[in-house]
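Computed from the coordinates by the stated procedures, all read-outs in this text should not be read as laboratory data. Please read these numbers as outputs of a predicted model, since none were measured by experiment. All Cβ positions, even for glycine, are placed from backbone atoms using ideal geometry, and neighbour counts span all protein chains on display.
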């Protein structure tokens, strides 16, 4: 039961983020189409529409990457490892978690430092006037949570298997 | 340095580590151990890599594909193509190939095409007496066309990585896609004629008219995409967004076979798939930047130029490398990893990078169904419940058909560049 709880928390986090990102995608599509209609229909482009969509996409990229990380759905070349004995697979999973903690941990520090600097500078995007610390903080949040996921995987026995190849695994 | 940027990533890849982590680890190690560049460059480059309006087309096209994959769009397409094919040997097989190409022109997703058109066509092919091995090969191989046909996601990613115009790449992909479709159809007709496999129903204008009316709304998406981009109305990103609204609106409001919940489900799965791809895009651009700063592509180009090999043999070597890589790795990751190394080389050799993009895509498309590990093989196995050994035996002739197409596309640049001249200039 003690092993189950962190996995449930991770699942809940992944579900919450995937709903949020699904909504963000729909917003980005609608903003784009409204902008097209506005440009052709009323000869007037929405100011800052492109910036808003790009920042939503940055959220999709890095927070979507976080969801993929939690659900073990990152693209990988598992041709060889599929044939490895379970003990080696477990060992590699631990090494992967350690490497993930080291790299994502460093990125967490770098990204927060950068985001805080942008926050102090008070810079805004050119057209939509979105505070730039907001899109930059997406990377910081994503790497922070990826580091935490790595720590949980390292210290809690994680039973979630690596996702098999599926029809959405590649284009 | 070569250990960190060459051996380490290859080792981690082979050990099955996530590709984004492989790239990021190599970059971090190179920065910490050998380069004296402030670390914030990591954040700036990752952020800057995804801070690009063109990349928005990726989630939008994937979303369109997800929406098109649900409901009856695929069946309406099949009915439309079947009514147009008429009574020729292997008519149903030809319908399968053309429907897959048409579906690819809507979604840009190869595996989705194998799953969706495969599900619609496998029972019909079996009922019409096509040998199971042939059907397995055909359904697994047909999706490779979609890697070249616009709005191909791999071509979009190549455009970003090689800094080439996406409309030019899409224009360049049209004729090669038609060539591959024609080659596949020719093989299907020849095979069915030789084995006496029945022709379809005779062509009837009335039936084609009815199928066109029933499928007209389904056919709207490629018209929006192509007409919008090449009519100068939309950018590829805008065309993708309008196609999304269309792909959601038709099954939601006209066919009434999807609900808002389905649309939101598609948006969620698109978001995760986008995350899987764009995180690699960001890390690969960072990796490419490190390679460029260390002049590795330039050194590789200089070394290869020093060998004084003829162009045809270098292109042959690149094709073999890409076929090998493609059968172990998905096209997007392969494009992102190899573009920074290969594009400077082929540019130095005088190959048009747009033409090379098409060569790249065709190779990786073949890799998608090439034994032993092409991902469409596993899609066909999982979704269509076809036995693996049957798929392996079935795809062999199709690999040869595609190789003929690849040879033509590689050594006759006009096949790719004619589309650019017609549509762009």
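Some notes on this structure:
- Top-ranked residue in the range A:23-41 [being without any contact (Cβ under 8 Å) to a residue 12 or more places away in the chain and either outside any helix (DSSP H, G or I) or farther than 17 Å from residue B:55 by Cα (or both); ranked as nearest to the other protein chains (Cβ to nearest Cβ)]: A:36
- For the range A:70-112, the tally of residues that are at the interface with chain B (Cβ under 7 Å from one of its Cβ atoms) and either without any contact (Cβ under 8 Å) to a residue 40 or more places away in the chain or within 21 Å of the chain's Cα centre (by Cα) (or both) stands at 17.
- The single condition among (1) more than 14 Å from every other protein chain (Cβ to nearest Cβ); (2) under 25 Å from the mean Cα position of the chain (by Cα); (3) not in a loop (DSSP other than H, G, I, E, B) that residue B:253 does not satisfy is (2).
- Positions within the range B:10-43 being in a helix (DSSP H, G or I), within 11 Å of chain A (Cβ to nearest Cβ) and closer than 13 Å to residue B:290 by Cα, in sequence order: B:23, B:24, B:25, B:26, B:27, B:28, B:29, B:31, B:32, B:41, B:42
- The single condition among (1) surrounded by fewer than 18 Cβ atoms within 10 Å (Cβ to Cβ); (2) out of contact with any strand residue (DSSP E or B) (no Cβ under 6 Å at 6 or more places or on another chain); (3) touching a residue at least 24 places away in the same chain (Cβ under 8 Å) that residue B:10 does not satisfy is (3).
- Tally of residues being in contact (Cβ under 8 Å) with a residue 24 or more places away in the chain and closer than 24 Å to residue A:23 by Cβ across the range B:237-254: 11
- Restricted to the range B:324-347, and to residues there that are more than 11 Å from every other protein chain (Cβ to nearest Cβ) and more than 15 Å from residue B:158 (Cα to Cα), the residue that is surrounded by the fewest Cβ atoms within 10 Å (Cβ to Cβ) is B:324.
- Restricting the range B:108-118 to residues that are more than 7 Å from chain A (Cβ to nearest Cβ) and free of Cβ contacts under 8 Å to residues at least 60 places away in the same chain leaves a set whose member that is nearest to residue B:179 (Cα to Cα) is B:113.
Table: residues versus (1) away from chain A (no Cβ under 12 Å); (2) surrounded by fewer than 23 Cβ atoms within 10 Å (Cβ to Cβ); (3) under 21 Å from the mean Cα position of the chain (by Cα); (4) within 30 Å of residue A:63 (Cβ to Cβ).
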residue	(1), (2), (3), (4)
B:275	no, no, yes, yes
B:281	no, no, yes, yes
B:291	yes, yes, no, yes
B:297	yes, yes, no, no
B:315	yes, yes, yes, no
B:322	yes, no, yes, no
B:349	yes, yes, no, no
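- Test: residue in the range B:364-383 that is under 27 Å from residue B:305 (Cα atoms) and touching a helix residue (DSSP H, G or I) at 6+ places or on another chain (Cβ under 7 Å): yes
- Unique residue being buried (at least 24 other Cβ atoms within 10 Å of the Cβ), closer than 17 Å to residue B:355 by Cβ, away from chain A (no Cβ under 14 Å) and touching a helix residue (DSSP H, G or I) at 6+ places or on another chain (Cβ under 7 Å) when the list is B:170, B:158: B:170
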